[in-house]
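Undergrad: This is the structure I want to talk about, given as structure tokens.
The values are calculated or read from the model by the stated rules, or taken from the named source; none is laboratory data. Computed from a predicted structure; not experimentally measured. Here the Cβ positions follow ideal geometry from the backbone for every residue, glycine too, while neighbour counts run over all protein chains shown. Surface accessibility is based on the protein's heavy atoms, side chains included, excluding ligands, DNA and RNA. Shrake-Rupley method; radii C 1.70, N 1.55, O 1.52, S 1.80 Å.
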Amino acid sequence: IFLLFLIGFSACKKDDPATPEPTILYDIAGSVNLYDEGTTLISNDGMTVSIVGSNPTVSVVTDADGKFRLPEVASGTYTLSYEKTDYGTFKKFNVDHTQKTNTVITQSPSLGMKTTTNVILLNTSTSNDTVILTTTLQQNASNGNPKYVRVFMGKNSDLSSQKYDAYAPTYVKQINPSTIKYSRTELVDMGFQQGETVYVNVVGESFFANDYDDPDLNYRVFPNISWKATTTSFIVP
């Protein structure tokens, strides 16, 4: 009987489930630097940082120093969105939160307000091998009050901020009207051919554009621009 008791006791012990280790969740922390549509640093508080697709939504608001901390986030790779009234939404992809420690995003994005600059007139002309874009802004532009614009170009007439073949870095405008020039070589380097019709638009932009490459949409997103119906065209000389 005693032997049977020991065998039964041993069998019961083997079948007992092991005590699971407690799940420890870690934080995702970072910071932002906030600007007006130019280069003036303003209050860094009030920007909502969220984990895209979280349900229920996991989000926090930046403090006066621009710092945020998303508490107790499960292990995974995430996309973060940064949103605030008057700011274009910025996204940061592939945030690796798989290590067993708090994740600290060391690069703080500099984010600007949406532009209030509007291009109300755009004309094109050609001189030898150079295309000249002449822009007129609704706002005054000067050395003390610079404005910012961006150029989009495409091979199709339905040019938009989602459908384009080339874009330029932000241009600073200190006079109004003003010009932007592209040589034939520059246009060919952008993917266009001599004799080809190119559709173009120049739009208002912020100094800090909040732009990012979206792997889901498969194009670069420009959240801060002011796109107006000033698209025109030219032929590559």
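Undergrad: Can you confirm whether region 18-29 contains a residue that is closer than 14 Å to Lys92 by Cβ and part of a loop (DSSP other than H, G, I, E, B)?
TA: No, region 18-29 contains no residue that is closer than 14 Å to Lys92 by Cβ and part of a loop (DSSP other than H, G, I, E, B).
Undergrad: Has region 90-97 got at least one residue that is within 24 Å of the chain's Cα centre (by Cα) and in a loop (DSSP other than H, G, I, E, B)?
TA: No: zero hits.
Undergrad: Testing Pro237 on (1) assigned to a strand (DSSP E or B); (2) open to solvent by less than 80 Å² (accessible area, probe 1.4 Å), one condition comes back false. Which one is that?
TA: The number of the failed condition is (1).
Undergrad: For Thr48, only one of the following conditions fails: (1) polar (S, T, N, Q); (2) over 18 Å from the mean Cα position of the chain (by Cα); (3) modelled with pLDDT of 95 or more. What is its number?
TA: Every condition holds for Thr48 apart from (2).
Undergrad: Just for region 125-171: of the residues that are in contact with a strand residue (DSSP E or B) (Cβ under 6 Å, 6 or more places away or on another chain) and exposed (fewer than 13 other Cβ atoms within 10 Å of the Cβ), which one is nearest to Arg220 (Cα to Cα)?
TA: My answer is Ser157.
Undergrad: State the number of residues belonging to region 50-69 that are under 16 Å from Lys84 (Cβ atoms) and not in a loop (DSSP other than H, G, I, E, B).
TA: So the answer is 6.
Undergrad: Let me ask something else about it. Got a number for residues in region 191-212 being free of Cβ contacts under 8 Å to residues at least 60 places away in the same chain and either surrounded by fewer than 16 Cβ atoms within 10 Å (Cβ to Cβ) or of a type in the set (Ser, Thr, Tyr) (or both)?
TA: Of the residues in region 191-212, 7 are free of Cβ contacts under 8 Å to residues at least 60 places away in the same chain and either surrounded by fewer than 16 Cβ atoms within 10 Å (Cβ to Cβ) or of a type in the set (Ser, Thr, Tyr) (or both).
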